[in-house]
Amino acid sequence: MKTKSDSTARGRRRKFVSGFVSILGRPNAGKSTLLNALVGSKLAIVSDKPQTTRTLIQGVWTTDSSQAVFLDTPGIHDAETRFNRWMMSSVLEALKERDLLLLVIDSTRPPSPADERSVEMIRQAKTPALAVFNKVDAVKPKSVLLPLIDQYSRWHEFEDYLPISALTGDGLDDVRSAIVSRLPEGPAWFPPDHLTDQPERFLAAEIIREKVLHLTRQEVPHAVAVLIDDWKEEPRLLRILAAIHVERPGQKAIVLGAKGARLKEAGTAARLELEAVFGRKVYLELFVKVSENWRENERFLRELDWRSMRGAASPETAEE
């Protein structure tokens, strides 16, 4: 015989929660590593260079009873150039109409005025927020976390304060639980197997850029952009022609390396990862182009945004 309490229990079990969650923080806080860890798949490239993430990256995590739509963002920073203002516009967009915010904090760095300004942005959004203290695996002794957490609690009353390591996975279950407990009841916005709405071209360009960042010196990363010039899908082969844009001839020489060795190494690493991602053989051809002051070129910046990605905007090509 079924009782009223049985029906109530089943109703509680059937309750589904969903919502939109923005991941914010200062440069190099580990936002992209956290996104990848939460969804269980590599959606955002990772590097130790600041401002690796340049636009909004969506990732979806779905369980039997919940769905969280994450939005990874560029690092919060002072926007003094057109390029920086373009990135910060993505941050401001991610603060709007969200169900929850995650402020990712680098636990290895002492709090600074720039960190306080980041918290102020969170406070002004008037959206529930979690303070996620990342990189605790590199913090010794752990007791140094206490004054750091206390400082952030003085700046703003967060929903919770969670020490984690996105790299090792320590504390991620607590983050997931904290997120799910604060999502409103609602439908699944995407199918269960949906991970991201980024086009394959954008993912390919980002993977190529990641390999270049890992192999180049400190002065190059901000000046590197990758656009897909040609994309041809054949039954057993994917052909990709990609242009790596830099701003100066000297940067081009750095990306190329001696007799093109560095570019070849980056291309090989990118091709192997692309084949794993797309599940087919990839023929990857890379070129390095000098596009002077592309960071101040509004048309070029639009081409970098995956939402309008159509290939290169025909910038002037340097002689190979």
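Suppose we keep only residues that are out of contact with any helix residue (DSSP H, G or I) (no Cβ under 9 Å at 6 or more places or on another chain) and free of Cβ contacts under 8 Å to residues at least 24 places away in the same chain within the range 126-143. Which one would you say is nearest to ILE179 (Cα to Cα)?
LYS126
Tell me, yes or no, whether the range 27-43 has at least one residue that is under 22 Å from GLN198 (Cα atoms) and either at pLDDT below 60 or in a strand (DSSP E or B) (or both).
No, the range 27-43 contains no residue that is under 22 Å from GLN198 (Cα atoms) and either at pLDDT below 60 or in a strand (DSSP E or B) (or both).
Say we look at the range 223-256 and pick out the residues that are small (Gly, Ala, Ser) and touching a residue at least 12 places away in the same chain (Cβ under 8 Å); which of these is farthest from ILE207 (Cα to Cα)?
ALA223
Residue-by-condition table, conditions (1) under 18 Å from the mean Cα position of the chain (by Cα); (2) within 15 Å of LEU103 (Cβ to Cβ); (3) surrounded by 17 or more Cβ atoms within 10 Å (Cβ to Cβ):
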residue	(1), (2), (3)
LEU162	no, yes, yes
ASP173	no, no, no
SER181	no, no, no
PRO187	no, no, no
GLN198	yes, no, yes
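What number of residues within the range 273-320 satisfy the criterion of being touching a strand residue (DSSP E or B) at 6+ places or on another chain (Cβ under 7 Å) and at pLDDT 55 or above?
Selection size over the range 273-320: 18.
Tell me, please, whether a residue that is surrounded by 15 or more Cβ atoms within 10 Å (Cβ to Cβ) and of a type in the set (Lys, Arg) can be found in the range 204-223. Give the steps one after another, and end with the answer.
First, the residues of the range 204-223 that are surrounded by 15 or more Cβ atoms within 10 Å (Cβ to Cβ): 204-216, 220-223.
Remaining after also requiring of a type in the set (Lys, Arg): 209, 211.
Checked against the condition, which is being surrounded by 15 or more Cβ atoms within 10 Å (Cβ to Cβ) and of a type in the set (Lys, Arg), the range 204-223 yields at least one hit.
Please tell me if GLU303 is outside any helix (DSSP H, G or I) and assigned by TED's automatic domain parsing to the domain that holds ALA243.
Values: outside any helix (DSSP H, G or I): no; assigned by TED's automatic domain parsing to the domain that holds ALA243: yes.
Spelling it out, it is not the case that GLU303 is outside any helix (DSSP H, G or I) and assigned by TED's automatic domain parsing to the domain that holds ALA243.
Mind checking which residues of the range 91-118 are closer than 20 Å to TYR161 by Cβ and part of a helix (DSSP H, G or I)?
Across the range 91-118, the qualifying residues are ALA114, ASP115, GLU116, ARG117, SER118.
Say whether the condition of being touching a His at 6+ places or on another chain (Cβ under 7 Å) and either touching a residue at least 24 places away in the same chain (Cβ under 8 Å) or under 24 Å from THR196 (Cβ atoms) (or both) is met by at least one residue in the range 260-269.
No; the residues of the range 260-269 include none that is touching a His at 6+ places or on another chain (Cβ under 7 Å) and either touching a residue at least 24 places away in the same chain (Cβ under 8 Å) or under 24 Å from THR196 (Cβ atoms) (or both).
The values are calculated or read from the model by the stated rules, or taken from the named source; none is laboratory data. Computed from a prediction, not measured in an experiment: that's the story for all the values here. Glycine also receives a Cβ, built like all others from the backbone with ideal geometry; neighbour counts cover every protein chain displayed.
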